[in-house]
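*Asks:* One structure coming up, written as structure tokens, with questions to follow.
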Ligand code: 26Q
């Protein structure tokens, strides 16, 4: 029996015995579940083999603690990494089903906000692909990232119910459960203590397999769900208090109910701290339990476990590991501190001061009284080391884990820094700025700890799976080596000035654009010309990312086209997408403006197909997989010094888009590899931005000095795009005149000029194609395999 036939039989069998339907009764979702169950058997075999291998070799494991994993769909990933896509396609076809349609039934696992969560997902895939034993630890949110609907141009947030039809990828592990305490009191006993929490919630593991490339290894993503220890208080129930009897379960459910839909501006709610401790504690208990079981002595933990903290969200893990070592394993404080630092390392993802987490001391102490004591004990050590090193009182106060200015607060970044042997930034510039700004004093005390690990993206999802046409063409041109080593894409450079190859690259891009145009028409009703330039800015909406700069330039271009319709304009489609944090007023206004501009421009017969504007609702991983392969131009235009790295920038370049961008984050490193001839770099440098801010920059004079910008600002302010409410944007635009922290005005002219060079290059079709090929050829280095290899060698010390 051939394998296709075997897969088909398996699907029908699991449809009957696991889903409980026959072929006649099966609904589309039943077929989706059956397809996953059938494939899953192969995944499970490889999973069990991987775990056994790690046990047998007693290898060191990596533990990636992250409050976010922005995974997206898993079916294509699993099929493709197991090389079963073709078989699945044929098996489903013989059952009268279309694989693409079945794939569409899988909801996105959107357990993350944006870059940080997606990075965690790429890292999990690369860890498995590089055959590194690893666990991801996080929370199984019942409602992940909210679904975005656009009502009359405004963002409306709706709950995302990704688990509504069940989740065939997950395995509940009731035997892996741990108590997590909150509140209560501490009874001291020398360095040790007994903590009697007022409340205990049970964390239960739910595992998802993560399949590596060519199925080499399958690792585990372990997400915690919560149960009341006593799900129903029967005495209370029987006494008639039916709701009170269930209160404990409700408190537990609340913990894992929803992902905090903020990025960059932390919401200081108690529930967030409870989530952070809940998952950190369960994960650390699981890690220490596993170590004790397989290796006996907790003192050897640093030899067998490397714990990476994804930002400060899990930094309470430092105190929790100390507590377990001291209180439960009777290790002296000094030795516990040494073990902790050798085990833990921390990745920073932002310099924005408002995004640095800190918790009110009173809240921290009330919720985690034992951890508060441990934080003080750690602080005593750190402050002593700072005094001994001769640091100034100001430096010592900035290093302290406790912020004493105003209401006393616990600084989570200082706790993570103190408790780690490695603190890394996510791009070269970002890491340098960490040393010079937020961590300057900690860096002077511990100068060997800060290091750089430039981000990367998995080329499986972000090239092979999302762009099969391009992948096929590259294989024809340079063979299959790049599938296992993305840096071999370099061989494509030999084809960069081959005109015939350029035309084939163009044909692939055009086909992807036709597909995307159809999809966007279905979503928004707007008709798009696939021969126009697709100019794309998709990412979280944030002022520092400067979607408003792009919109101002769009408005300026619209004015120009209307004034000079006779000129040889390069037809463009401006595509925007992204979610705004629900409480972020200006971000929501950006979405409204994009939609208002779209309505006016798209309805203006004077511009016709020369300019179209689309705001794609509900941007998510699956939409990214359609949009990125179809992009011609990638907008990476953050205020220099503010985007830690960016990872979308890498995905676009890998798919042959040219970048227009600032010297920020990883754009700088992309420029080093792709070359200035194949990118459009503009604007102030990070140093110039900070000098300008210090020199007292006056945006009003800059705006008035640029006729194009002044006209754009005035037309938005006066209601040209909002005739239904002419003053809608007036205050906002007025504010820009007096204060422009993100330097939109300062960079506008340079940005507009760069856009006109984009037009020039676009008209030279051959030159554009050559640049596109040189982008693809030179960004293999931004594979997350390279990033993870560096972490493995330089931070984790794993083979
Ligand atoms: C913190 C506390 C309370 C509520 C929310 C938060 C919170 C949540 C998410 C704070 C920040 C985030 C996300 C940050 C993020 O996505 N940063 C991005 O990380 C990427 C991966 O390193 C970088 O490429 C981006 O430059 C960076 O913005």
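The values are calculated or read from the model by the stated rules, or taken from the named source; none is laboratory data. All of these numbers come straight from a predicted model, not from anything done at the bench. Every residue, glycine as well, gets a Cβ built from its backbone with ideal geometry; the counts of neighbours run over all protein chains shown.
*Asks:* Quick check on my filter: what residues within segment 562-587 are closer than 27 Å to residue 731 by Cα, outside any loop (DSSP other than H, G, I, E, B) and either without any contact (Cβ under 8 Å) to a residue 12 or more places away in the chain or touching a helix residue (DSSP H, G or I) at 6+ places or on another chain (Cβ under 9 Å) (or both)?
*Replies:* Result: 574, 575, 576, 577, 585, 586, 587.
*Asks:* Those residues that are surrounded by fewer than 18 Cβ atoms within 10 Å (Cβ to Cβ), within 30 Å of residue 592 (Cα to Cα) and touching a helix residue (DSSP H, G or I) at 6+ places or on another chain (Cβ under 7 Å), I need them from segment 154-183; list them, please.
*Replies:* Matches in segment 154-183: 154 only.
*Asks:* Can you name the residue in segment 320-334 that is over 18 Å from residue 289 (Cβ atoms) and assigned to a helix (DSSP H, G or I) and, of all such residues, is nearest to the ligand (Cβ to nearest atom)?
*Replies:* For segment 320-334, the residue satisfying everything is 333.
*Asks:* Report every pair of residues separated by at least 6 positions or lying on different chains whose Cβ atoms are under 8 Å apart, first residue within segment 434-451 and farther than 21 Å from residue 384 by Cα, second at pLDDT below 95 and assigned to a loop (DSSP other than H, G, I, E, B).
*Replies:* Every condition considered, the pairs that remain are 434/351; 437/351.
*Asks:* Looking at residue 291 and the list (1) in a loop (DSSP other than H, G, I, E, B); (2) under 30 Å from the mean Cα position of the chain (by Cα); (3) without any contact (Cβ under 8 Å) to a residue 40 or more places away in the chain, which single condition is not satisfied?
*Replies:* So residue 291 meets the others, but not (1).
*Asks:* Filtering segment 329-368 down to residues that are under 23 Å from residue 63 (Cα atoms) and without any contact (Cβ under 8 Å) to a residue 24 or more places away in the chain, which residue is surrounded by the most Cβ atoms within 10 Å (Cβ to Cβ)?
*Replies:* 336
*Asks:* Given the residues 192, 147, 173, which is the only one that is more than 16 Å from the ligand (Cβ to nearest atom) and within 17 Å of residue 72 (Cβ to Cβ)?
*Replies:* That would be 147, the only listed residue that is more than 16 Å from the ligand (Cβ to nearest atom) and within 17 Å of residue 72 (Cβ to Cβ).
Here's the yes/no breakdown for (1) in contact with a helix residue (DSSP H, G or I) (Cβ under 8 Å, 6 or more places away or on another chain); (2) within 16 Å of the ligand (Cβ to nearest atom):
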{"position": "82", "(1), (2)": "yes, no"}
{"position": "97", "(1), (2)": "yes, no"}
{"position": "109", "(1), (2)": "no, no"}
{"position": "124", "(1), (2)": "no, yes"}
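*Asks:* Looking at the structure I just gave you, is residue 405 over 24 Å from the mean Cα position of the chain (by Cα) and either at positive phi or not in a helix (DSSP H, G or I) (or both)?
*Replies:* It is true that residue 405 is over 24 Å from the mean Cα position of the chain (by Cα) and either at positive phi or not in a helix (DSSP H, G or I) (or both).
*Asks:* Turning to a different aspect of this structure: Evaluate segment 90-98: report whether one residue or more is at pLDDT 95 or above, within 18 Å of residue 625 (Cβ to Cβ) and surrounded by fewer than 24 Cβ atoms within 10 Å (Cβ to Cβ).
*Replies:* yes
*Asks:* Is it the case that segment 588-605 has a residue that's within 16 Å of the ligand (Cβ to nearest atom) and either in contact with a helix residue (DSSP H, G or I) (Cβ under 6 Å, 6 or more places away or on another chain) or in a helix (DSSP H, G or I) (or both)?
*Replies:* No, the conditions are met nowhere in segment 588-605.
*Asks:* Could you grab me the full set of residues in segment 370-389 that are more than 16 Å from residue 189 (Cα to Cα) and touching a strand residue (DSSP E or B) at 6+ places or on another chain (Cβ under 7 Å)?
*Replies:* Matches in segment 370-389: 375, 379.
*Asks:* State whether one or more residues within segment 717-738 are more than 16 Å from the ligand (Cβ to nearest atom), touching a strand residue (DSSP E or B) at 6+ places or on another chain (Cβ under 9 Å) and not in a helix (DSSP H, G or I).
*Replies:* There is no residue in segment 717-738 that is more than 16 Å from the ligand (Cβ to nearest atom), touching a strand residue (DSSP E or B) at 6+ places or on another chain (Cβ under 9 Å) and not in a helix (DSSP H, G or I).
*Asks:* May I ask you to list pairs of residues, at least six apart or on different chains, whose Cβ atoms are under 8 Å apart, with the first in segment 695-721 being at positive phi and the second being in a loop (DSSP other than H, G, I, E, B)?
*Replies:* Between residues of segment 695-721 that are at positive phi and residues that are in a loop (DSSP other than H, G, I, E, B), the close pairs are 719/725; 719/726; 719/727; 719/728; 719/729.
*Asks:* Continuing with the same structure: Working only within segment 419-430, note down all residues that are under 14 Å from residue 348 (Cβ atoms) and either more than 16 Å from the ligand (Cβ to nearest atom) or surrounded by fewer than 22 Cβ atoms within 10 Å (Cβ to Cβ) (or both).
*Replies:* Within segment 419-430, 419, 420, 422, 428 meet the criteria.
*Asks:* In this structure, is residue 340 out of contact with any strand residue (DSSP E or B) (no Cβ under 7 Å at 6 or more places or on another chain) and within 16 Å of the ligand (Cβ to nearest atom)?
*Replies:* Here the answer is no, as residue 340 does not meet what is asked.
*Asks:* For segment 634-648, indicate whether the set of residues that are modelled with pLDDT of 95 or more, touching a strand residue (DSSP E or B) at 6+ places or on another chain (Cβ under 7 Å) and more than 16 Å from the ligand (Cβ to nearest atom) is non-empty.
*Replies:* no
*Asks:* Can you find a residue in segment 297-309 that is in contact with a helix residue (DSSP H, G or I) (Cβ under 9 Å, 6 or more places away or on another chain), in contact (Cβ under 8 Å) with a residue 40 or more places away in the chain and either within 13 Å of the ligand (Cβ to nearest atom) or within 20 Å of residue 114 (Cα to Cα) (or both)?
*Replies:* There is at least one residue in segment 297-309 that is in contact with a helix residue (DSSP H, G or I) (Cβ under 9 Å, 6 or more places away or on another chain), in contact (Cβ under 8 Å) with a residue 40 or more places away in the chain and either within 13 Å of the ligand (Cβ to nearest atom) or within 20 Å of residue 114 (Cα to Cα) (or both).
*Asks:* Looking only at segment 249-268, filter to residues that are out of contact with any helix residue (DSSP H, G or I) (no Cβ under 8 Å at 6 or more places or on another chain) and modelled with pLDDT under 90; which one of those is surrounded by the most Cβ atoms within 10 Å (Cβ to Cβ)?
*Replies:* By that ranking, first place goes to 261.
*Asks:* Those residues that are in contact (Cβ under 8 Å) with a residue 40 or more places away in the chain, touching a strand residue (DSSP E or B) at 6+ places or on another chain (Cβ under 9 Å) and not in a helix (DSSP H, G or I), I need them from segment 228-264; list them, please.
*Replies:* 229, 256, 257, 258, 259, 261
*Asks:* Separate question: Of these, 625, 669, which one is within 16 Å of the ligand (Cβ to nearest atom) and either surrounded by fewer than 24 Cβ atoms within 10 Å (Cβ to Cβ) or without any contact (Cβ under 8 Å) to a residue 24 or more places away in the chain (or both)?
*Replies:* Result of the check over 625, 669: 669.
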